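Colleague: Quick one: the structure is below, and I'll ask about it shortly.
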Amino acid sequence: MQEVSGTEFIWSKWKAGSYVTLGIINHNEIMHKIHIIRKYAIAYCDSLHNPIRQKPGHKCVMFYKDGLTFWSHLTNKEFKEVFKD
């Protein structure tokens, strides 16, 4: 997975999708479904570089599944745990 510019995380590049698209019903399931997040994650940036939705202490992660490109946030702690390898 590559780090990309925050300008990649804009609404015109987002196609309807969310963690639910990955089978993650609520944020509490993230740490139990790390393998799914790793499988579909394609890019990330520090949330402070996102021109649309900045969330201090978070990373924006872009996903691609079933022809949909979408993104969401992980806390820096979650990101570090999910992508520690």
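The values are calculated or read from the model by the stated rules, or taken from the named source; none is laboratory data. Values in this document were obtained by computation on a predicted structure and should not be read as measured data. No Cβ is skipped: glycine too gets one built from the backbone with ideal geometry, and neighbour counts run over all protein chains shown.
Colleague: Which of (1) farther than 23 Å from D85 by Cα; (2) at pLDDT below 90 is the odd one out, the single condition P56 does not satisfy?
Modeller: Every listed condition holds for P56 apart from (2).
Colleague: Go through (1) modelled with pLDDT of 95 or more; (2) assigned to a loop (DSSP other than H, G, I, E, B) one by one and return the number of the condition R38 breaks.
Modeller: (2)
Colleague: Cβ-Cβ below 7 Å, separation at least six or inter-chain, first residue in segment 65-85 and over 12 Å from Y19 (Cβ atoms), second charged (D, E, K, R) and assigned to a strand (DSSP E or B): which pairs?
Modeller: That search, which allows pairs on different chains as well, returns N76/K59; F79/K59.
Colleague: Within segment 41-58, which residues are within 14 Å of I10 (Cα to Cα), touching a residue at least 12 places away in the same chain (Cβ under 8 Å) and either among the hydroxyl-bearing types (S, T, Y) or outside any helix (DSSP H, G or I) (or both)?
Modeller: A43, Y44, C45, D46, S47, N50, P51, I52, R53
Colleague: Among what's in segment 1-40 and is surrounded by 15 or more Cβ atoms within 10 Å (Cβ to Cβ) and without any contact (Cβ under 8 Å) to a residue 24 or more places away in the chain, pick the residue that is farthest from F70 (Cα to Cα).
Modeller: Filtering first and then ranking leaves K33.
Colleague: Go through segment 59-78 and give me each residue that's under 19 Å from W14 (Cβ atoms), within 12 Å of the chain's Cα centre (by Cα) and not charged (D, E, K, R).
Modeller: Listed by number, the residues that qualify are C60, V61, M62, F63, Y64, T69, F70, W71, S72, H73, L74.
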